[in-house]
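Everything below concerns the one structure shown next.
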Amino acid sequence: MKLLMCKRCKCVIVLSLEKKCCACGKSGGAYVNEIVVVVHGPAIVIGMNNSDLHDALDAGNNEHRAIRAWKMGRRGDSVRWVRSAQLIGADDYLKQTTLDVEKMVKEELE
Ligand SMILES: [Zn+2]
């Protein structure tokens, strides 16, 4: 599972196939398949260990469980950063070539 946390408004959203934005509207994103997310804005993407999450869901209400999470780097294979105007639907995103995506990521980082 991936979450997106906006650095401006501190809003945390659960990324899904539906496009979502944070409370201030500066950051947002969506999954384009089961693994890859497309995101934009002044934010970080937080990956959560799915096995830990399932264990926590199965645990009793009074049990504490650790859930591992990590900040995902901008160059990861499963996170694609784009400018906000280019946050598009999964079908459109998947039609783009790798070169298009790499160009957008490069421009976003400059
Ligand atoms: Zn925000």
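Rule-based calculations on the coordinates, nothing more; no lab input. Because the structure is predicted, anything quoted here is derived from the model rather than measured. Here the Cβ positions follow ideal geometry from the backbone for every residue, glycine too, while neighbour counts run over all protein chains shown.
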Computed label-point distance, nm, for sites Ala23 and Arg68 using a 7 Å Cα→Cβ extension: 3.1
Order by protection proxy (mean Cβ within 10 Å, highest first), peptides 62-73, 11-22: 11-22, 62-73
